[in-house]
Amino acid sequence: MSQPIEIRAQDSALHHLKFKSYRYKQERQAYQFMPKEGEATRIVIATPWGAELIAEKGDYIVNELGVPENSWPVQKDIFEETYVEIQKGIYIKRAYVSLYPLVEYTKDPEQLVSVHTLEGVVTVRAGDFYLCRGVKGEIWPMPNDKVLTTLIPVDP
């Protein structure tokens with residue numbers, strides 16, 4: 001298998017992709033990572049697909065309701081701009097997200113792609129993931145099955 005393709009948010013090739021808008025349909029749990037004095041100010045969060053993402057002090061740790069083992073960090077400013085609390089500790093993402101199938105980018109479902117997210121580099125198989133772009137141009141991969149179960153396409 002060939003070397004992974006590297007993708008960064010500032011890559012000019014991304015400007016030519018036809019991302020489609022989606023909105024989230026599910027509630028999530030979240031808490032702000034605020035370590036006590038003397039504790040580490042950053043933690044590593046392992047994703048279900050094997051990536052390790054970094055959460056810094058003040059970031060939010062988000063998970064799907066009832067699935068705390070499927071957590072990911074969101075930078076404080078992005079979280080506070082894109083999520084709204086609907087009850088204590090329960091949020092819904094109000095911002096749209098733009099998606100593009102990674103397999104359409106690579107033309108090879110087996111191609112590995114290293115996506116440079118705000119929280120670290122995540123390497124995935126193109127055929128299993130979408131490339132997501134957020135409100136500040138940040139990018140991350142999302143599993144195909146998660147797109148199908150958590151997102152609704154927004155009419156153009």
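Under the condition of being surrounded by 21 or more Cβ atoms within 10 Å (Cβ to Cβ) and in contact with a helix residue (DSSP H, G or I) (Cβ under 8 Å, 6 or more places away or on another chain), the residues counted in segment 114-133 number 5. Taken together, the residues in segment 84-113 that are crowded, with 17+ Cβ neighbours inside 10 Å and not aromatic (Phe, Trp, Tyr) amount to 10. Scanning segment 41-65 for residues being farther than 22 Å from PRO141 by Cα and either surrounded by 14 or more Cβ atoms within 10 Å (Cβ to Cβ) or modelled with pLDDT under 95 (or both) gives a total of 2.
Of all the residues in segment 1-14, those that are without any contact (Cβ under 8 Å) to a residue 12 or more places away in the chain and touching an Asp or Glu at 6+ places or on another chain (Cβ under 8 Å) number 0. Looking only at residues in segment 134-155 that are among the charged types (D, E, K, R) and closer than 20 Å to PRO109 by Cβ, the one that is surrounded by the fewest Cβ atoms within 10 Å (Cβ to Cβ) is ASP145.
Just to be sure, is ARG42 touching a strand residue (DSSP E or B) at 6+ places or on another chain (Cβ under 6 Å) and free of Cβ contacts under 8 Å to residues at least 24 places away in the same chain? Give the steps one after another, and end with the answer.
Details: touching a strand residue (DSSP E or B) at 6+ places or on another chain (Cβ under 6 Å): yes; free of Cβ contacts under 8 Å to residues at least 24 places away in the same chain: yes.
Taking the combined requirement at face value, the residue satisfies it.
Pairs meeting the criteria (first residue in segment 61-77 and in contact (Cβ under 8 Å) with a residue 12 or more places away in the chain, second residue loosely packed, with under 13 Cβ neighbours inside 10 Å and not in a loop (DSSP other than H, G, I, E, B), beta carbons under 6 Å, at least 6 apart or on different chains) are ILE61/TYR31.
Could you tell me which of the residues LEU112, LEU99 is more than 30 Å from MET34 (Cβ to Cβ), touching a Leu at 6+ places or on another chain (Cβ under 9 Å) and either among the hydroxyl-bearing types (Ser, Thr, Tyr) or touching a residue at least 24 places away in the same chain (Cβ under 8 Å) (or both)? Walk me through how you get there before you give the answer.
Numbers: LEU112 fails: touching a Leu at 6+ places or on another chain (Cβ under 9 Å).
Only one candidate passes the filter, namely LEU99.
Do you know which of the residues in segment 15-36 that are over 25 Å from ALA55 (Cβ atoms) and either part of a helix (DSSP H, G or I) or without any contact (Cβ under 8 Å) to a residue 60 or more places away in the chain (or both) is farthest from the chain's Cα centre (by Cα)? Per the criteria, the residue is HIS16.
The values are calculated or read from the model by the stated rules, or taken from the named source; none is laboratory data. Since the structure is predicted, the reported quantities are computational estimates derived from the model, not experimental observations. Glycine gets a Cβ as well: all are built from the backbone with ideal geometry, and neighbour counts include every protein chain shown.
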